[in-house]
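Take a look at the structure below.
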Amino acid sequence: MSSINQAIKSSWVLRVLRSPSLWFVFAVTCAIGESWAATFQGLGIIPPTGSDIFESQAIDLSANGSVVVGLSAGKVFLWTHAAGIVPIGAPPGTASSRATALSPTGETVAGYLNSFDQVPLTWTGGGGYLPLGNPAGYANGAANDVSTAGATVVGWSDNHSFGSEQAWRWTSANGFELLGFLPGAVGSTANAVSANGNIIAGRGHVVGDSGLQALLWIGDNAPVGLGYLPLGTTSFAEAISSDGTAVVGAGLNVFSLQQAFLWTTGSAKLTPLGSASMQSHALAVSNSGNVVVGRAQPLPLGSAFIWDATNGMRSLQSVLINQYGLGPSLLGWTLTEATAISDNGKVIVGNGIDPQGHMQGWIFEVPEPAGLLAALPGAAVIVCLVRRRRHLSVGRNGNSAGECC
């Protein structure tokens with residue numbers, strides 16, 4: 001405490017605290033510091049062998065934004081700041097595997113064996129690959145998502161006897177549990193699961209209709225249809241927030257164009273995102289549905305989008321350049337899609353065309369306030385603390401303050 005007291009007693013700090021003009025200068029420094037602190041970077045590309053393509057794709061992100069899973073040169077990889085891009089290899093005796101999701105805690109990968117008949121599987125750093133097989137009588141499936149610590153895996157498998165797929169849930173205790181269909185219909189797919197494994201989102205066929213409808217399974221209950229966009233047909237759920245309160249995906253709107261939607265427990269309906277005259281597809285959502293990301297066309301720059309209730313749908317690349325000052329980092333890039341977002345909305349990953357013309361995964365991060373303040377001078381910290389305390393109090397009263405963009 002003595003060093004802090006000495007700093008406060010120093011004449012230049014006192015001048016700052018007493019001078020409105022200097023408060024303004026430091027407040028501006030703090031605001032600029034927030035923009036400068038945001039970062040964008042490519043994830044890298046694993047050198048290919050044989051006929052593999054020189055590219056990488058970011059597929060999913062852990063809940064806290066620290067771990068990314070993706071594909072590069074035909075190999076599944078994990079990415080962290082400390083280790084960079086690290087391939088996890090392929091299961092013994094198989095040509096390759098594909099990753100579809102990462103657990104919220106970042107230690108379990110879900111996906112499938114890329115063989116004649118697709119076989120759902122998981123991977124952990126401690127146990128390696130675990131082929132799950134398929135439910136009895138089923139074949140050719142995939143694991144699409146996994147809950148915290150790999151406890152619950154969801155996906156789909158084909159049943160050739162009735163010519164359609166069925167959604168399932170897998171746990172180490174109970175194995176496969178088939179999740180069923182809408183009444184009178186045949187065909188369903190589980191695409192996403194909440195962190196606690198209790199809520200599952202996906203899609204299913206509708207009786208008497210060739211289209212699909214977004215579905216929700218809660219606990220052991222039968223699937224419930226989430227409906228359609230206004231005057232639209234067909235909907236499908238792609239992702240669910242970790243807390244299970246928000247679902248996103250796409251549906252055909254009144255113009256028969258694919259349009260992104262958001263469903264929340266509060267609204268209990270599909271809310272269209274963006275313009276009905278453009279093609280859009282929501283791929284990920286932060287907790288409580290505050291921030292949605294995906295791809296859309298046409299946008300002013302790139303096709304990766306970000307949506308929030310205040311600003312609506314915007315070009316993510318434009319936001320990174322204009323709001324966060326990341327133009328130099330994005331020079332030569334075209335962001336084509338945003339595929340995953342952290343629970344707090346501050347970390348986003350996706351794919352794009354890099355300056356060399358290759359597809360490459362990328363990550364955008366807005367650091368937590370503690371990390372930002374540690375990098376600022378003492379007097380600026382004082383001003384930032386005052387400013388941020390007011391900012392966060394707004395967030396606690398119901399606004400989305402503190403989330404990205």
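Of VAL153, VAL68, all but one fail to be crowded, with 18+ Cβ neighbours inside 10 Å, modelled with pLDDT of 95 or more and either small (Gly, Ala, Ser) or under 27 Å from GLY352 (Cβ atoms) (or both); the exception is VAL68. Here is the figure for the stretch 77-98: residues that are modelled with pLDDT under 95 and either under 28 Å from VAL285 (Cβ atoms) or among the β-branched types (Val, Ile, Thr) (or both) total 4.
Filter the stretch 218-260 down to the residues that are within 22 Å of THR339 (Cβ to Cβ) and aromatic (Phe, Trp, Tyr) and list them by number. PHE236 - this is the single residue of the stretch 218-260 that is within 22 Å of THR339 (Cβ to Cβ) and aromatic (Phe, Trp, Tyr).
When LEU229, LEU178, LEU215 are screened for being surrounded by fewer than 21 Cβ atoms within 10 Å (Cβ to Cβ) and touching a residue at least 24 places away in the same chain (Cβ under 8 Å), only LEU178 passes. Summed over the stretch 112-165, residues that are touching an Asp or Glu at 6+ places or on another chain (Cβ under 8 Å) and in a strand (DSSP E or B) total 13. Counting only residues that are out of contact with any Pro (no Cβ under 8 Å at 6 or more places or on another chain) and crowded, with 24+ Cβ neighbours inside 10 Å, the stretch 258-269 holds 1 of them. Considering the stretch 80-118, the residues that are touching a Leu at 6+ places or on another chain (Cβ under 7 Å) and among the aliphatic types (A, V, I, L, M) include one that is surrounded by the fewest Cβ atoms within 10 Å (Cβ to Cβ), namely VAL86.
The values are calculated or read from the model by the stated rules, or taken from the named source; none is laboratory data. If you're wondering where the values come from, they're calculated on a predicted model, not measured in any experiment. Note that we place each Cβ from the backbone using ideal geometry, even for glycine, and neighbour counts take in every protein chain shown.
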